[in-house]
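Below is one structure, written out as structure tokens; the observations come after it.
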Amino acid sequence: MNFRKILVANRGEIACRVMRTARTLGYRTVAVYSDADAGAPHVFMADEAVRIGPTPAAESYLKVDAILDAARRTGAQSVHPGYGFLSENAAFAQACVDAGLVFIGPSPEAIAAMGDKAGAKRRMIAAGVPTAPGYLGEDQSDARLTSEAEKLGYPLLVKAVAGGGGRGMRLARNAAQLPEALAGARREAQAAFGDATLMLERLIEQGRHIEIQVFADAHGNAVHLGERDCTAQRRRQKVIEEAPSPIVTPAMREAMGRDAVAAALAVGYRGAGTVEFIVDQDLHHYFLEMNTRLQVEHPVTEMITGLDLVEWQLRVAAGEPLPLHQDEIRFSGHAIEARLYAEDPYANFAPQTGPVLHFRPEAALRPGVRIDAGIAEGGAVTPFYDPLLAKVIAHGRDRDDAIRRLIAALEDASLLGFATNGSFLRDLLDHARFRSATMHTALLDEWAATDDAILQRPQPTEADWQLAAALFAGNAGPRSGIPGTQGAGWRSDSVASFDLILACGEENRKVRVMPPAKPGAVSPADGAGTAAIEWTIDADSRLRYTQHGITRHATLHRNGDTLHLARDGRIFVFREVSPLPQAENRNDPAVARAAVAGTVARLEVGAGDTVIAGQTLAVIEAMKMEMRVTAHAAGTIAAVRVLLGQQVEAGSILVELDIKEST
């Protein structure tokens with residue numbers, strides 16, 4: 001199984017992650033990319049790169065023939081699938097083997113065995129691994145699924161048998177919710193995995209999601225590398241992961257590790273895999289599924305074990321035995337990973353796209369901190385792929401130490417250009433429920449449903465408004481300022497003072513600014529008079545300013561009439577508002593617009609249809625999420641401006657309505 005060149009059949013941060021280890025071990029690497037990723041970091045990191053198709057994943061990263069052709073043309077002898085895309089596709093693994101390539105992962109047979117969630121559950125029952133009650137039958141009719149649901153009782157999960165990562169999964173709390181859950185899970189499963197087969201599973205209320213990292217080689221050896229706690233989830237998607245779990249005892253670790261190894265041996269596993277369990281309030285664990293690949297959260301295991309899991313993957317793929325036996329594996333300290341997503345937590349976690357105006361993760365690095373990123377400043381985030389941008393990981397001597405380091409790293413790793421969940425992650429890490437380890441898998445969704453305070457959009461302080469006004473008046477920022485100097489100077493030499501109209505979010509303010517007392521100082525007025533603000537800006541867009549006698553640091557980027565300002569983990573976007581009337585009214589109830597850029601996945605209405613307020617008009621799919629567009633008022637559909645499957649930008653008009661006059 002000798003190989004020297006590895007084709008990484010993926011993109012983003014996982015492609016970069018695999019290439020880093022491959023390079024340290026002396027392997028050459030090949031990147032593949034779609035049109036949207038021609039300038040992506042993983043393309044430049046690789047020794048060679050091959051275009052494999054247009055932007056849509058189905059025409060590029062999911063195109064098996066194109067990937068195999070790229071391997072042939074570059075002379076790659078092996079393929080690393082990363083995670084997502086084709087990583088758990090048994091047919092792809094088999095195609096690699098048939099092409100004479102080393103597939104850096106388990107055998108096609110093992111992938112197929114664990115990829116069928118119903119079949120995998122049957123295998124676990126046979127192997128003595130505890131499982132939650134459910135329905136695994138071949139009869140997929142709505143009548144049979146409804147009948148089985150009644151036997152199991154509610155609440156329950158509707159799951160795609162080919163699913164993973166929370167895709168193709170719906171929750172039904174009662175019989176009335178089941179039809180939509182079945183339809184939604186089928187639709188998403190077919191789109192994501194090409195298989196709409198479903199299974200049912202009893203929901204473990206207020207459970208914790210604990211997974212065990214396993215490794216096996218071709219010589220009959222199998223070990224586990226401890227657990228990861230992935231309980232902090234939103235819509236079944238992991239947000240924060242940590243190792244070890246704050247609730248797992250040594251006895252639990254031994255039992256869960258034993259069951260996880262048994263699960264791997266039951267399918268003749270080879271390589272890295274993760275066995276996922278749900279743990280109930282009595283600390284009983286039940287098998288959920290096995291992910292036959294490297295996990296997004298593998299860095300926390302690496303940090304507490306001191307091991308490189310990608311290196312282990314490459315050594316096992318080369319036919320070597322596992323480097324360590326079970327009794328040689330040691331754990332040290334605590335590690336936590338936060339997933340930085342392109343989403344707005346304060347707008348129902350809506351996907352976000354746009355240019356990466358500023359991202360300098362090196363500014364956040366310190367002992368015990370690691371950042372795995374797949375984006376770079378100057379690039380752009382599109383709606384076509386997963387919203388994961390980067391992973392910020394911290395290791396400490398204990399859990400509190402890791403939390404403190406991770407919060408500081410998130411505050412220093414500002415990403416400017418569009419909304420992210422960075423501020424939310426910071427607040428979640430410091431939340432009493434997280435610090436006390438009393439989270440459960442549905443808690444974040446419950447907070448979203450009840451409009452919890454943690455999901456209230458942070459608002460700029462009076463000092464933030466004054467600072468923004470001073471920076472606008474002083475023409476500060478990388479766009480117009482000179483790095484290392486005091487800024488570009490007072491905006492107007494002809495007036496003693498003037499008013500700026502600034503907007504941040506939904507709020508507009510008028511701020512009066514006074515001329516500078518000395519170069520680089522601007523004095524916004526407040527209720528108590530004026531307060532001069534002085535600043536300097538370095539080449540890294542780092543702002544050093546003095547306000548009310550205190551000198552602080554922030555990060556900024558000036559983009560036209562918009563100022564992105566990051567301070568203490570909060571990011572505010574200030575805009576100078578024109579005093580002239582705006583031509584476009586985006587709040588017009590007669591026009592339904594796309595809230596995000598994406599693909600028109602469903603059109604629910606046609607011209608002439610009568611609708612009521614709140615009725616779904618269309619569904620936009622972006623970053624593997626479905627976003628409903630609803631009517632703001634009752635009326636009649638005047639026109640549908642888009643087609644099914646069409647790509648649309650944020651703000652695009654989808655549907656026009658004739659609003660029904662209220663009487």
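The values are calculated or read from the model by the stated rules, or taken from the named source; none is laboratory data. On a predicted model such as this, the values are computed, not experimentally measured, just so you know. No Cβ is skipped: glycine too gets one built from the backbone with ideal geometry, and neighbour counts run over all protein chains shown.
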Residues within the stretch 178-232 that are assigned to a loop (DSSP other than H, G, I, E, B) and of a type in the set (Val, Ile, Thr), tallied: 2
Hits in the stretch 224-236 (condition: surrounded by fewer than 22 Cβ atoms within 10 Å (Cβ to Cβ), out of contact with any Leu (no Cβ under 7 Å at 6 or more places or on another chain) and under 16 Å from residue 425 (Cα atoms)): 235
Candidates 481, 474, 487 - the one that is modelled with pLDDT under 90 and at positive phi: 487
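Take residue 138 and tell me if it is part of a loop (DSSP other than H, G, I, E, B) and out of contact with any Asp or Glu (no Cβ under 8 Å at 6 or more places or on another chain).
For residue 138, the condition - part of a loop (DSSP other than H, G, I, E, B) and out of contact with any Asp or Glu (no Cβ under 8 Å at 6 or more places or on another chain) - is met.
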Qualifying positions in the stretch 240-282 - at pLDDT 95 or above, assigned to a loop (DSSP other than H, G, I, E, B) and of a type in the set (A, V, I, L, M, F, W, C): 247, 248
Filter result (assigned to a helix (DSSP H, G or I), within 17 Å of residue 212 (Cα to Cα) and of a type outside the set (A, V, I, L, M, F, W, C)) within the stretch 299-318: 299, 301, 302, 305, 313
Out of 370, 399, 405, 330, sole residue that is at pLDDT 95 or above, within 30 Å of residue 449 (Cβ to Cβ) and not acidic (Asp, Glu): 399
Test: residue 340 is touching a helix residue (DSSP H, G or I) at 6+ places or on another chain (Cβ under 8 Å), surrounded by 18 or more Cβ atoms within 10 Å (Cβ to Cβ), in a helix (DSSP H, G or I) and in contact (Cβ under 8 Å) with a residue 12 or more places away in the chain: no
Count of the stretch 66-81 residues which are closer than 25 Å to residue 624 by Cβ and assigned to a strand (DSSP E or B): 2
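Going through 70, 31, 93, 76 one at a time, which residue ends up being of a type in the set (A, V, I, L, M), closer than 25 Å to residue 106 by Cα and touching a Lys or Arg at 6+ places or on another chain (Cβ under 7 Å)?
76
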The lone exception for residue 84 - which of (1) closer than 10 Å to residue 9 by Cβ; (2) in a loop (DSSP other than H, G, I, E, B); (3) of a type outside the set (A, V, I, L, M) it fails: (1)
Options 270, 258, 236; residue that is more than 22 Å from residue 399 (Cβ to Cβ) and free of Cβ contacts under 8 Å to residues at least 40 places away in the same chain: 258
Contacts under 9 angstrom Cβ, first residue in the stretch 546-558 being more than 15 Å from residue 571 (Cβ to Cβ), partner among the acidic types (Asp, Glu) and in a strand (DSSP E or B), 6 or more apart: 546/534; 547/534; 551/534
Of all residues making up the stretch 58-102, the number that are of a type in the set (A, V, I, L, M, F, W, C), under 23 Å from the mean Cα position of the chain (by Cα) and either buried (at least 23 other Cβ atoms within 10 Å of the Cβ) or under 15 Å from residue 293 (Cα atoms) (or both): 2
Of residues in the stretch 639-655 being in a strand (DSSP E or B) and within 24 Å of the chain's Cα centre (by Cα), the one surrounded by the most Cβ atoms within 10 Å (Cβ to Cβ): 648
Filter result for the condition that a residue is of a type in the set (Val, Ile, Thr), part of a loop (DSSP other than H, G, I, E, B) and outside the structural domain of residue 257 (by TED's automatic domain parsing), over 55, 146: 55
Among residues of the stretch 283-298, those that are surrounded by 21 or more Cβ atoms within 10 Å (Cβ to Cβ) and part of a loop (DSSP other than H, G, I, E, B), counted: 6
Members of the stretch 103-152 that are acidic (Asp, Glu) and either free of Cβ contacts under 8 Å to residues at least 24 places away in the same chain or surrounded by fewer than 18 Cβ atoms within 10 Å (Cβ to Cβ) (or both): 109, 138, 139, 142, 148, 150
Members of the stretch 400-418 that are surrounded by fewer than 17 Cβ atoms within 10 Å (Cβ to Cβ) and closer than 28 Å to residue 205 by Cα: 400
Residue check, residue 171 in a helix (DSSP H, G or I), at pLDDT 90 or above and of a type outside the set (S, T, N, Q): no
Whichever residue in the stretch 178-223 is among the charged types (D, E, K, R) and touching a Lys or Arg at 6+ places or on another chain (Cβ under 7 Å) and, among such residues, is surrounded by the most Cβ atoms within 10 Å (Cβ to Cβ): 211
In the stretch 353-399, residue surrounded by the most Cβ atoms within 10 Å (Cβ to Cβ) [restricted to those that are under 13 Å from the mean Cα position of the chain (by Cα) and in a strand (DSSP E or B)]: 392
Residue under evaluation residue 324, criteria (1) outside any loop (DSSP other than H, G, I, E, B); (2) modelled with pLDDT of 95 or more, criterion not met: (1)
Residue within the stretch 22-32 that is aliphatic (A, V, I, L, M), more than 30 Å from residue 133 (Cβ to Cβ) and surrounded by fewer than 20 Cβ atoms within 10 Å (Cβ to Cβ) present: yes
Criterion violated by residue 403 - all others in (1) outside any loop (DSSP other than H, G, I, E, B); (2) under 23 Å from residue 572 (Cβ atoms) satisfied: (2)
In the stretch 359-393, the residues that are charged (D, E, K, R) and either touching a helix residue (DSSP H, G or I) at 6+ places or on another chain (Cβ under 6 Å) or within 18 Å of residue 403 (Cα to Cα) (or both): 366, 370, 372, 391
Residue, surrounded by the most Cβ atoms within 10 Å (Cβ to Cβ), within the stretch 419-463, restricted to residues that are at pLDDT 95 or above and aromatic (Phe, Trp, Tyr): 424
